[in-house]
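K.L.:
One structure is given below, represented as structure tokens, and several questions about it will come after.
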Amino acid sequence: ICDPLMGILSDNTRSRWGRRRPYLFAGSILCGITFMFLFRVPGLDGGTLKGVYVGIMYTVASTAFSIYSVPYLTMGSELATTPHQRTVVMSWRQVGLGGGLVLGNVMPLVLVDWGGGGETGYAFMGIVLGLLTGLTMMITFIGTASVPTVERSQAAVPLGDQLRLAARNKPFLVLLAGNFLNLVGSAAAYATLVLFVVYRLEKDFVFTSRIALMTAISVIVTPPLWTMLAKRIGKKATFMCSIVMFIATYLSYLLLGPDDEIATYALSLMMGTFNCGFSLIAFSMLLDTIDFDRRISGLNREGVYSGVWSAMDKTAFAFGALLAGLALQMIGFHESAQGFAPQNPETIRGIGLIFACTPALFATASMIAMTFYRMEAESPRAQ
């Protein structure tokens, strides 16, 4: 709900800082503060009340992030004017994402230990990472001071007319569907990763962090390769290639056993590489479809598209996790609040199938959807 509304709001903002940067400033402060409170749970009686507090605070924190993230994503379309430049801009975004994943994978456990462990340790971690979050996000606000601003359209167009115009943007609708399907499968895999590691690979929880670290490293290193490939063979072909290899990588996880640690690390590097490929190119193509809308409608409403895109991302991740939970229920998974409960062999095999086959299945559906993507065939004159 918040992301599309935030997109519309930033599109219609007028200020001396431009349309987007006021929200980068406000979002930086709000995200830092809400992150601190998210890990500082008051001494309430019972887990239910604490759960309610965390749920409310997470909603507030997510709203604060929407205030920042939608204008931030939208500014990408204002930083570049050619399709290749948009890929370059998004490649740097991926590098930053990978660096954040590395720090986010290592720092929390260290900070919790420094803070004394337990609730006190997590509260200390929340304060430190909250300050770091606000600081790094504020750097983006400061660093974009010289970015040329794109003012909103002079003509006031009713929201209903805007939506009808957006429906004519066929490349955006196809790309949105393809990205949504891909993320649903990825979310199901993320939701079952720990279970796959513990039950199928028979490793401890720390092993999951090592896998995440391998994935993050590949996200940092490989964006230049995907940028060069997209320039040589085109964005759609690059997207398709990354999806094919992504499918092959996940299906290869079915071949792993407890003794295949090196192979697991290698597949994690590959998974991060191909995940980086389709996500980088998808974001770059998003900017292309926004530019296409600018040409067919004559409106500067980049935030509307970024808001819808961001909202669908969150919906896909929620839906993927829901599917994973329902699948675990169907295979007889035994829950436990006391750690990892023993599972029967059939359930363990089912966990492997959910983890490996769900992302492969939805990625295949994504490829089918993306065959209808025709940016070259669309032109303002044809509309």
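The values are calculated or read from the model by the stated rules, or taken from the named source; none is laboratory data. Just so it is clear, the model here is predicted, and its values are computed rather than measured. Note: ideal-geometry Cβ built from the backbone for every residue, glycine included; neighbour counts use all protein chains shown. Just so you know, the surface numbers come from the protein's heavy atoms only, side chains and all, with ligands and any DNA or RNA stripped out. Shrake-Rupley method; radii C 1.70, N 1.55, O 1.52, S 1.80 Å.
K.L.:
Average projected area of the Cα convex hull of the range 227-383, in nm²?
P.N.:
Details: hull surface 48.9 nm².
Averaged projected hull area, Cα only: 12.2 nm².
K.L.:
Compute the longest continuous run of the chain that contains no exposed GluC sites (Glu not before Pro); treat a site as exposed when its DSSP state is not H, G, I, E or B and it has at most 13 other Cβ atoms within 10 Å. Please list the in-between numbers first.
P.N.:
Working: sites that count: E151, E202, E335, E376.
In short, 1-150.
K.L.:
Taking a 1.4 Å probe, which of Y253, Y58 shows the most accessible area, and what order do the others take after it? Don't skip to the answer; put the middle values down first.
P.N.:
Numbers: Y253 5, Y58 140 Å².
Largest accessible area first, the residues go Y58, Y253.
K.L.:
Within the range 208-249, name every residue whose backbone N is under 16 Å away from a label modeled 7 Å from Cα of V106 along the Cβ vector.
P.N.:
Once the point is set 7 Å along Cα→Cβ of V106, 209-221 turn out to lie under 16 Å by backbone N, inside the range 208-249.
K.L.:
Further, regarding this structure: Whose amide H sits under 5 Å from the amide H of T13, counting only residues 5 or more places off or on another chain, with H placed in the peptide plane?
P.N.:
So T13 has HN proximity to no qualifying residue.
K.L.:
Given R₀ = 56 Å, what would the calculated FRET efficiency be for I8 paired with A266, taking r from the Cβ atoms and rounding to 0.05?
P.N.:
Values: r = 45 Å, r/R0 = 0.80.
E between I8 and A266, to the nearest 0.05, is 0.80.
K.L.:
Give the distance, in whole Å, between the Cα centre of the range 94-144 and the Cα centre of the range 1-60.
P.N.:
Spelled out, the Cα-based centre of one part sits 17 Å from the other.
K.L.:
Separate question: For G115, enumerate residues with amide H under 5 Å from its amide H, sequence gap 5+ or separate chain, H modeled in the peptide plane.
P.N.:
Here the answer is none, since no amide H 5 or more places off falls under 5 Å of that of G115.
K.L.:
Rounded if a/c is under 1.5, else prolate if a/b beats b/c, else oblate: with a ≥ b ≥ c from the C-alpha gyration tensor eigenvalues square-rooted, which is the range 216-257? Before the final figure, lay out each step's value.
P.N.:
On the way: a/c = 4.51, a/b = 1.64, b/c = 2.75.
It comes out oblate by the Cα gyration axes.
K.L.:
Rounded to the nearest 500, what is the chain's calculated 222 nm mean residue ellipticity when only DSSP H runs of at least 4 contribute -39500 (n - 2.57) each, over all residues? Walk me through the numbers before you get to the answer.
P.N.:
On the way: 13 runs with 293 residues, N = 383.
Calculated at 222 nm, the ellipticity per residue is -27000 deg cm²/dmol.
K.L.:
Take the solvent-accessible surface of the protein heavy atoms, probe 1.4 Å, and return the percent of it on the chain that carbon and sulfur atoms account for.
P.N.:
Details: 12920 of 18470 Å².
Exposed carbon and sulfur together represent 70 percent of the surface.
K.L.:
Below 8 Å, C-alpha to C-alpha, sequence gap of six or more: please give me the relative contact order for the chain in percent. Don't skip to the answer; put the middle values down first.
P.N.:
On the way: 523 pairs, mean separation 109.4, N = 383.
Worked out over the chain, it gives 29 percent.
K.L.:
Let me ask something else about it. Seen from all sides and averaged, what is the projected area of the convex hull of the Cα atoms in the range 188-314, in nm²?
P.N.:
Details: hull surface 35.8 nm².
Averaged projected hull area, Cα only: 9.0 nm².
K.L.:
May I ask you to give the solvent-accessible area per residue for the chain, in square angstrom, as obtained with a 1.4 angstrom probe?
P.N.:
On the way: 18470 Å² over 383 residues.
For the chain, the solvent-accessible area averages 48 Å² per residue.
K.L.:
Pull up all non-local amide H partners of N300: gap of 5 or more, or a different chain, and H-to-H distance under 5 Å with H placed in the peptide plane.
P.N.:
S153
K.L.:
In what order, largest first, do W17, W114, W309, W226 sit by accessible area if the probe radius is 1.4 Å?
P.N.:
Numbers: W17 80, W114 180, W309 5, W226 25 Å².
Order by accessible area, largest first: W114, W17, W226, W309.
K.L.:
So for the chain, taking the charge dipole from beta-carbon charges (+1 Lys/Arg, -1 Asp/Glu), which of T315, Q343, I1 sits furthest toward the positive end?
P.N.:
Most positive-ward Cα: I1.
K.L.:
Which helices pass in the chain if a helix is a full DSSP H run, must span at least 18 angstrom along its long axis by Cα, and must have mean Kyte-Doolittle hydropathy not below 0.5?
P.N.:
Values: long enough: 21-38 (25 Å, 1.41); 46-79 (50 Å, 0.74); 83-114 (46 Å, 0.55); 118-143 (37 Å, 1.38); 170-195 (39 Å, 1.45); 205-221 (25 Å, 1.97); 235-252 (26 Å, 1.13); 261-297 (53 Å, 0.75); 302-330 (42 Å, 0.80); 345-370 (38 Å, 1.22).
Length and hydropathy pass: 21-38, 46-79, 83-114, 118-143, 170-195, 205-221, 235-252, 261-297, 302-330, 345-370.
K.L.:
Sticking with this one: Quick check for me: using +1 on Lys/Arg Cβ and -1 on Asp/Glu Cβ, what's the dipole size of the chain about its Cα centre, in debye to the nearest 20? Walk me through the numbers on the way to the answer.
P.N.:
Numbers: 27 positive and 22 negative charges, 284 e Å.
It works out to roughly 1360 debye.
K.L.:
Also, quick follow-up: Could you list, bin by bin from short to long, the percent of Cα-Cα pairs of the range 1-146 in 10 Å steps?
P.N.:
11, 32, 34, 17, 6, 0
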